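Working notes, structure below.
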Amino acid sequence: MRLPPNFKCADVICDFCGYLAQVKTVNTPQIESAPKTILGAAWRPQKERMDAAIYLFLVLVNPHKTSHSIFYLSADLQQPEMFRPRTPLSSTARRAGWQGFCYELDRVLGGLVRIR
């Protein structure tokens, strides 16, 4: 079941068992293998929830061929090193101080499972 928009660090939940997952979508012409890095969202909520057993689904979409693939990474294979904080936005930015992060997937490529 989909969670409400802007729900922090999770996108779907199983209404039976409570399984939480985050879904990241990337447009790319290469859908056979996962990219080495993808952008995440806000770093502080992600850091607070890293121990909450949230699974990751990565959806790669090739917009030119209208095809896609789906990769899965279980929570137990997500290492703290794979979450790289980005530099906070400058004091002159509209959202000054906001800090995002990147998923460094090259650290867990062996753990990603292609399910479609």
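Taken together, the values in this text are just the output of simple stated rules run on the coordinates, not laboratory data. None of the values given here were measured: they were computed from a predicted structure. Heads up, the Cβs are rebuilt from the backbone with ideal geometry, glycines too, and the neighbour counts pull from every protein chain shown.
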Check your understanding: Where both residues lie in the chain, what percent of DSSP beta bridges are antiparallel, nearest 5?
Key -> 75
Check your understanding: Which whole-Hz couplings ³J(HN,Hα) result when phi for each residue of segment 30-43 is put into the Karplus expression 6.51 cos²θ - 1.76 cosθ + 1.60, θ = phi - 60°, listed in order with x for Gly and Pro?
Key -> 9, 9, 7, 9, 6, x, 6, 9, 9, 6, x, 10, 6, 6
Review point. Which far-off residues, 5 or more places away or on another chain, put their amide H under 5 Å from the one on Tyr55, with H placed in the peptide plane?
Key: Leu20, Ala21, Gln22
Review point. Under a 5 Å amide H to amide H cut-off, with H placed in plane at 1.01 Å, what residues pair with Cys102 once short-range neighbours are removed?
Key: Gly40, Arg84, Arg86
**Study point:** Selection from Ile54, Gly111, Thr87 lying farthest towards where the dipole of the chain points positive, charges on Cβ
**Key:** Thr87
Review point. Which far-off residues, 5 or more places away or on another chain, put their amide H under 5 Å from the one on Thr37, with H placed in the peptide plane?
Key: Leu105
Review point. Once fully extended, how much extra length lies between Ala75 and Arg44, figured as 0.36 nm per residue of separation less the alpha-carbon to alpha-carbon distance?
Key: 9.4 nm
Check your understanding: In debye, nearest 20: dipole of the chain around its Cα centre with unit charges on the Cβ of K, R (+) and D, E (-)?
Key -> 420
Check your understanding: Measuring from the lowest to the highest alpha carbon on each principal axis, how far does the chain reach, largest first, in angstroms?
Key -> 42, 36, 27
Practice item. Please go through segment 1-72 and write out the chymotrypsin sites (Phe, Trp or Tyr not before Pro) that DSSP classes as loop and that have at most 15 other C-beta atoms within 10 Å. Key: Phe7, Phe16, Tyr19
Check your understanding: What number, rounded to the nearest 500 deg cm²/dmol, is the helix-based mean residue ellipticity at 222 nm of the chain, given -39500 (n - 2.57) per DSSP H run of at least four residues and division by all its residues?
Key -> -1500 deg cm²/dmol
Point to revise | segment 14-91, relative contact order in percent, only Cα pairs under 8 angstrom and at least six apart counted | key: 34
**Study point:** lysines whose Cα lies under 18 Å from that of Lys24, excluding same-chain neighbours fewer than 8 positions away
**Key:** Lys8, Lys36, Lys47
Revision key, fill the gap. If each part is reduced to its alpha-carbon centroid, segment 26-74 and segment 1-20 end up apart, in Å, by 16
